[in-house]
């Protein structure tokens, strides 16, 4: 997408206005290098970074932002008393690149195209405090905080082809669809000594894998639970069911998802954390997910100190025994 001609235009423009701030011509995307909490409130809007073309989390419907992360971003902005503005993130090679390009530094072609906060960041202390070979913290420029969801893996299957999926071992003999170059792809092609490898079918997206499921080309699809729930909610997929099996040897079966900001914007982080904490504990987060047709699980972070009744309330269940 970044053509040579575009690069040349930017380079020539930079030579002509060396005394000015870089400007890509888009007033919405050009912003001061440090939009602090006070500046955000004064500006009247919050720029929320979400991944592009990533249903059901963040995508477009008729040109408008949609998805659970978009709805969460809108709710956070509403709680802050400002307008919501979307910052679309095109995934790079890894999460570290995404954080650098969208949270604390900016891409080398558009250094000021930054989000105030980025959603759908794994809340993982080992990753947050990862060090390089010299002992320097790799992610020292960002703060990862505010877990708002617990995600997990899920399989959907066709009852016309499989009676049940009690173990992934059935895919030694039955084809299963996955999004290429994802953890389900690596898992199913390597687990159990690679005995399922020949039955794995690769697709560009989970939605395309479901197209193959409807055509009878695969017997099941594996992806993240929210992705599977999103597809199962579609009328054309009503014949399919969610499996209840585990995934031995996959490493992390569940993980918390949170937010990220630039490390110098702690005041903004405290405000956002307080909002998300309230949304989780009062059950509003569960309502947001239910409104998108998705199941919600309280992050492990909260399970370490909330009692059973509080967790039930947060997940929209009964608090009485």
Which residue, of 218, 178, is under 28 Å from residue 123 (Cα atoms), modelled with pLDDT of 95 or more and buried (at least 17 other Cβ atoms within 10 Å of the Cβ)?
178
Would you mind stating whether residue 119 is in contact with a helix residue (DSSP H, G or I) (Cβ under 7 Å, 6 or more places away or on another chain), in a loop (DSSP other than H, G, I, E, B) and buried (at least 20 other Cβ atoms within 10 Å of the Cβ)?
no
Whether any residue in the stretch 278-285 is in contact with a strand residue (DSSP E or B) (Cβ under 8 Å, 6 or more places away or on another chain) and farther than 30 Å from residue 231 by Cβ is what I want to check.
no
Would a scan of the stretch 37-46 turn up a residue that is within 29 Å of residue 140 (Cα to Cα), at pLDDT below 90 and more than 21 Å from the chain's Cα centre (by Cα)?
no
Of everything in the stretch 123-146 that's in a strand (DSSP E or B) and over 26 Å from residue 186 (Cα atoms), which residue is modelled with the lowest pLDDT?
137
Suppose the filter is farther than 23 Å from residue 122 by Cβ, in a helix (DSSP H, G or I) and out of contact with any helix residue (DSSP H, G or I) (no Cβ under 6 Å at 6 or more places or on another chain); does residue 267 pass it?
no
Condition test on residue 188, is it closer than 26 Å to residue 295 by Cα, within 21 Å of the chain's Cα centre (by Cα) and either surrounded by fewer than 21 Cβ atoms within 10 Å (Cβ to Cβ) or without any contact (Cβ under 8 Å) to a residue 40 or more places away in the chain (or both)?
no
Residue that is surrounded by the fewest Cβ atoms within 10 Å (Cβ to Cβ), among those in the stretch 191-211 that are part of a helix (DSSP H, G or I) and in contact with a helix residue (DSSP H, G or I) (Cβ under 6 Å, 6 or more places away or on another chain)
197
Name every residue in the stretch 232-247 that is closer than 26 Å to residue 190 by Cα, in contact with a helix residue (DSSP H, G or I) (Cβ under 7 Å, 6 or more places away or on another chain) and outside any loop (DSSP other than H, G, I, E, B), in order of residue number.
242
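The values are calculated or read from the model by the stated rules, or taken from the named source; none is laboratory data. These figures come from a predicted structure and were not determined experimentally. Cβ: placed from backbone, ideal geometry, glycine included. Neighbour counts: every protein chain shown.
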